[in-house]
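Participant: Below is a structure I'd like to ask you about.
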Amino acid sequence: MNFVLSRAFFKKNRYIPIERIQSINVTAGFIQRLFGVVKLEIETAGGMGEAEVELSAIRKEEAEQIRTIIKEQKRQIAQGEAEQDKLEEGRVLYKISFNELLITAATSSGLGVALSIVAFLSQFDEIIPYEKIFDKLEWIVHASVTMIVILCLIGLIIAWIISFIGVLLQYGDFTVREEAGQIIISSGIFEKKQISIPIDRIQAIKVTENWLRQPFGYATVHIESAGGGSDKDVETILFPLIRKKQVKEKVESFFHLTIIETLHPVPRRALSRFLLRMLILSLLIAVPLCLFFKPWGYLSLILIPFALVLGYFQYKDTGWYLNGKELTLSFRVLNKTTVFFEKSGFNHWN
């Protein structure tokens, strides 16, 4: 059974076997939403991570119709007509609440959003008079240390606000549902994004606790899936924000997987290696600052106790557990990460 596409002016038919279709992504940028259209991308096995078919401007109803037809035919091939009525379509697994969205935005370490906006604005140097702006801000160079610290704090607050708004727009209306052996993840306010991931391609579950959320008992859950024809795995957020104590219940109810919370720690003698590694790293940063930026460079010595504390928590949070075909690994760089693997992949959906 094939999926057929053709063009209007230069007629060209493309036949894509339904079995090769891996995912169908529907996005709607700001301009596209103004004209009531969406972009449809169809990825196939062997596509090396690139879309086999891209329809840049079609009506949302047409995109949904194409997606429904493909999904229906894939289900008939995989499940058969007899099992078709037993499938539970469109089962909502997770929908982010307004409070969770606010907490996600407030505790996101996404200052990269702010930096990306600054990088974007730097492309308009012919329009924005940066030189005049910098000339007017020249007084900052001669300002007192207190004033510079205050300006830095104001800059961090502005960056946090930009990051906060960016996360709200990115994860607004975040919904996860299951349809015909696939996980459908949709999110976004101005730019709607929808991702389809076959469950049998999921390779691992990753739980991340960043340094802002961990004290409050929150975590983020990712899934890693094998990319179509690419050798790289694709990481996708499954739950932007979830209470750590709910991870076991939620993940075990979705996947054929046992969440082990008590892991085997690394040997006690490994503690000295963790501390030594972080001590060397902090000295590599602090020593040059002390030598070339006297006397303010001496403030960098405060990195040493912080590095030693981080090294201790890296030691404490490192562990493993092997349960049959399931392997659990836990480690910390700055954020704590726990990864759950299964030897044959998560091929079963509860």
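The values are calculated or read from the model by the stated rules, or taken from the named source; none is laboratory data. Quantities reported herein were computed from a predicted structural model and do not represent experimental measurements. Using ideal geometry, Cβ is built from the backbone for each residue, glycine included, and neighbour counts are taken over all protein chains shown. For accessibility, only protein heavy atoms count, side chains too; no ligands or nucleic acids. Shrake-Rupley method; radii C 1.70, N 1.55, O 1.52, S 1.80 Å.
Participant: How big is the charge dipole of segment 182-296 about its Cα centre, in debye rounded to the nearest 20, if each Lys and Arg gets +1 on its Cβ and each Asp and Glu gets -1 on its Cβ?
Facilitator: On the way: 16 positive and 10 negative charges, 117 e Å.
Value, rounded to 20: 560 debye.
Participant: For Ser56 and Arg177, calculate 0.36 nm times their separation in residues minus their Cα-Cα distance, and state this gained length in nm to one decimal.
Facilitator: That pair, Ser56 and Arg177, stretches by 41.1 nm at full extension.
Participant: Next question, about the same structure. How large is ³J(HN,Hα) for each residue in segment 267-278, as worked out from phi by the Karplus curve 6.51 cos²θ - 1.76 cosθ + 1.60 (θ = phi - 60°), to whole Hz, x for Gly and Pro?
Facilitator: These are the phi-based 3J(HN,Hα) values: x, 4, 5, 6, 4, 4, 5, 4, 5, 5, 4, 6 Hz.
Participant: Can you pull the accessible area of Lys74 for me, 1.4 Å probe, Å² to the nearest 10?
Facilitator: 60
Participant: Once the whole set of protein chains is in place, how much accessible area is left on His264, using a 1.4 Å probe, in Å² to the nearest 10?
Facilitator: Solvent-accessible area, nearest 10 Å²: 80 Å².
Participant: What is the calculated FRET efficiency for Ile69 to Ile304, with r their C-beta to C-beta distance and R₀ = 56 Å, to the nearest 0.05?
Facilitator: That pair, Ile69 with Ile304, gives E of 0.35.
Participant: Simple spin-label model, 7 Å along Cα-to-Cβ: Leu334 to Phe98 in nm?
Facilitator: So the label points at Leu334 and Phe98 sit 3.2 nm apart.
Participant: Under a 1.4 angstrom probe, counting protein chains only, how are Phe174, Phe216 ranked by accessible area, largest first?
Facilitator: Phe216, Phe174
Participant: Cα-Cα over 21 Å: which of Lys250/Lys336; Lys95/Lys250; Lys39/Lys193; Lys95/Lys192; Lys95/Lys193?
Facilitator: In this structure, no pair lies more than 21 Å apart at Cα.
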